[in-house]
Amino acid sequence: MASLDEKWEAVDKFKSVVVDRERDVFRVTEELYYLHSGREQLRGVTSSCDYRLTIPFAPHLFGSGKTTFARTYLELVQRFGETSLSTFASDPLRRTFLEKLKRASLLSADLKELPALKLGLTFFETDEAFRHGCSVSLLSSSESSGDILGIPSDQYLFLAFDEVGVFDTNGIFFELEKNDKGVIRPYNDFFGIISQLCKEPDLFFIVVGKSKGLSIKNDVSSVSKVILHFIFLSPLDASSIVEFLEKTLLETPTQEPVCDVLCSSSFSVNELADSLLECTGGVPGLLTRAVNMLLNYIIPRNQPFISKEECLTCMNDYDFRIICAEPFVERILILDEDRKSVFDLLLMMALYRIPSKVDDRLTSESFLYDAVTEMGLYRYPIDQNTFQVLIPKVFVGIFKKDPSVSSLEKILLGSLDVEPVDCFFYSKCRVFEGIVALRLVLMLSSKNRNELRELLCQLSPIWKQMKLPMSTISPIHYMKSVVSSRETRNESNKSRRTFASTEWNKIIRETLCLETIYIPLDATSHSPDIIFKLQSPVEPKVLTVGVACKGRWKSEGIGWSDIIDEAKKFLDPVYDQVLSSAMDYHHCMLIIVSTKLSLNVSNELGNQSRCYSSGMFIGNDSFKVPDNCELVILCERDVEMLIDDEILNGLERAFCVSHNPTFWDFGLDLLDRIRNSFLSWQ
């Protein structure tokens, strides 16, 4: 049998091509144009003062494509000049600037290799020369930068500085100085030089480096010498991965596209792209490494993959994931305890789709943006100033093996691992359902006394017969939606099959595993928000439970009509399709978890939770509970066993602000309270 290293090797088989990046190129080009048109203000030639120097800045995210982007930016400008950049060049001044930018010269400096760097430029030859020689050679000289560097007067010069501050751990190279208010402004001397160089005509910059401690918000009152425009460097989507696979050629005489080597006639490049997206999250460095590993596996066999399932089986192999992710996850495994303490918070944000702003803070001196960077995690941009935390699935195995990872973090990691990747990119924020689902996992698996579990035993004889606590702590699973008819939905150039509402028999018997909590992938009107299945330890009895999380901030509260709607869409079809032919061994329960019940419902319940058994009527006799079914309505007091009142109030405030609230809308205190509520039931 081949050893681990022989089976999975990450030897380079191709030279990567750059795909996507239209949005990044557009925004960087726009910022460079603003510098071009604002130079006279920087030089004090004009009395105008509406321009503040802005430098395109790519934060240090390993494998995000930052170095490649900086070094190929001018090539990308030429590539997109007639397409995505055509709207930028809509007026004559911008068009002239763009045409000249296409002919610019590029100088790239990796500051980690600075002592050995030889570019034939005196101010790049040594550390000391760089610190002081830039200003001496370019600023103090009577010659222009173009004359010093031998650049024609009609040509722009584009300087790309890579790894700024990465090696600056002792503040030796770029000073970490405090101003008179005690605020740290790192790289002041570096950006001081940059700010002076930007006064030079025809000189432009892009910077790659650490963002920790930088004044990200860049207020008008800030003493920062420049504003940093953060370059998104988004993970690639499925269509961009297809382009990558079709344009990337093997470094062999035949120069075959890698997709032709990996794909057979029965396995399309689109399916391969979906598989890679599922595994890597579209992070360019991870994608490149995964493709190389697949090539090293396929080429000796001389047999391409015949199906998506075969390809995913390879990429889900534990050893594949370990080798693929190893260079990328070293940072988080050596983090100090203070920084590791927010790991579960970032996992919650990734799982529950809680976006954040660039300037959101964890503390007065710590940015959430920095925490993501320092941990080696990734961001998926939503708009110019908003992003979501992205944790590639290949990371999960290494994280879960780390002895410092808590059981809560393992549940969150496991949930991210089994979640369909398109759920991340397309589903709406469903925080309420997610919290209830995770609390149910902890409630059902806890070996300690649990009030909610005891309450359900008191309310329901069937529940009391089930095997609890569950034998294992299962992650939350995501299942395909239950829709009104058999159909497919097109998302990101691909179709996805969904279950029909007539398929409950198939769902319950074949899809739902025992002791596993499921959330339907899409919020629809044809399924509960949470589903799970339990079994009796002594009798062949099975209980399928649906949980409807209702009343998300409905001012008058949930009435009987809302409850009946939930019962009809779950209990009725499950009875018709499953229970009516299952004798007496299969039962079904619907639990209504409402943040606010209407006055009529509360009065009938007597402000207590209640279980309606088979044959009972609710809502003025307008609905009869089917045979072998139960309807449980939790009163507001008992709902607090799942989510306490402070969390409910916080969620209500957040969702009043936005349908998809951000980290700022929730607030750190609320998210901490949610996290602590999970920890209390571990």
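The values are calculated or read from the model by the stated rules, or taken from the named source; none is laboratory data. Because the structure is predicted, anything quoted here is derived from the model rather than measured. Ideal geometry is used to build each Cβ from the backbone, glycine not excepted, and the neighbour counts take in all protein chains shown. Heads up: the accessible areas ignore ligands, DNA and RNA and are worked out on the full protein's heavy atoms, side chains in. Shrake-Rupley method; radii C 1.70, N 1.55, O 1.52, S 1.80 Å.
Is there a pair in K7/K66; K308/K569; K13/K66; K506/K541 whose C-alpha atoms are over 23 Å apart, and which pairs would that be? Listed pairs above 23 Å: K7/K66; K308/K569. Rolling a 1.4 angstrom probe over the protein heavy atoms with all chains in place gives the range 508-680 an accessible area of 42 Å² per residue.
In Å³ and rounded to a whole number, note down the convex hull volume per residue for the Cα atoms of the range 335-417.
Once divided by residue count, the hull of the range 335-417 is 86 Å³.
Rolling a 1.4 Å probe over the heavy atoms of the protein chains gives the range 335-417 an accessible area of 31 Å² per residue.
Provide the FRET efficiency to the nearest 0.05 for the E539-Q458 pair, computing r from the beta carbons and using R0 = 22 Å.
0.65
Placing R0 at 51 angstrom, the Cβ-Cβ distance between S622 and S658 gives a FRET efficiency of 0.90 after rounding to 0.05. Residues whose amide H falls under 5 Å from that of T248, counting only those 5 or more places apart or on a different chain, are V258, with hydrogens built in the peptide plane.
Annotation: amide H-H contacts under 5 Å for S594 (H modelled 1.01 Å from N, sequence separation of 5 or more, or interchain): K550, L634. Fully extending the segment from T502 to S581 would add 27.0 nm, taking 0.36 nm per residue of separation and subtracting the current Cα-Cα distance.
Peptides 405-413, 672-680 ranked from most to least packed give 405-413, 672-680, packing being the mean of other C-beta atoms within 10 angstrom over each peptide's residues. A P(r) calculated from all alpha carbon pairs of the range 284-398, with 10 Å bins opening at zero, reads 12, 37, 29, 16, 5, 1 percent. For the range 523-682, the relative contact order works out to 20 percent when only alpha carbon pairs closer than 8 Å and six or more residues apart are counted. Counted residue by residue at 0.36 nm each, then reduced by the alpha carbon distance between them, the extension gain from D669 to S105 reaches 198.0 nm.
When the listed pairs K533/K568; K568/K596; K410/K568; K410/K533; K400/K467; K112/K400 are checked against a 25 Å cut-off, the alpha-carbon distance exceeds it for K410/K568; K400/K467; K112/K400.
Each residue, N302 and S90, gets one label point 7 Å from its Cα in the Cβ direction; the gap between the two is 5.7 nm.
Under a 5 Å amide H cut-off, with hydrogens placed 1.01 Å from N, H587 pairs with V542, L543, T544 among residues at least 5 apart or on other chains. Here the accessible area of the range 531-682 is 46 percent carbon and sulfur, with a 1.4 angstrom probe and all protein chains present. Once you divide the Cα radius of gyration of the range 238-327 by 2.2 N^0.38 Å, the number left is 0.98. Shown here: the range 508-680, whose C-alpha atoms stretch 52, 36, 28 Å along the first, second and third principal axes, sorted largest to smallest. For D565 and D383, the difference between the fully extended length at 0.36 nm per residue and the C-alpha to C-alpha distance is 61.8 nm.
Take D529: with every protein chain present and a 1.4 Å probe, its accessible area is about 30 Å².
Return a whole-number percent for the relative contact order of the range 266-349, with Cα pairs under 8 Å and 6 or more residues apart as the contact set.
That works out to 30 percent.
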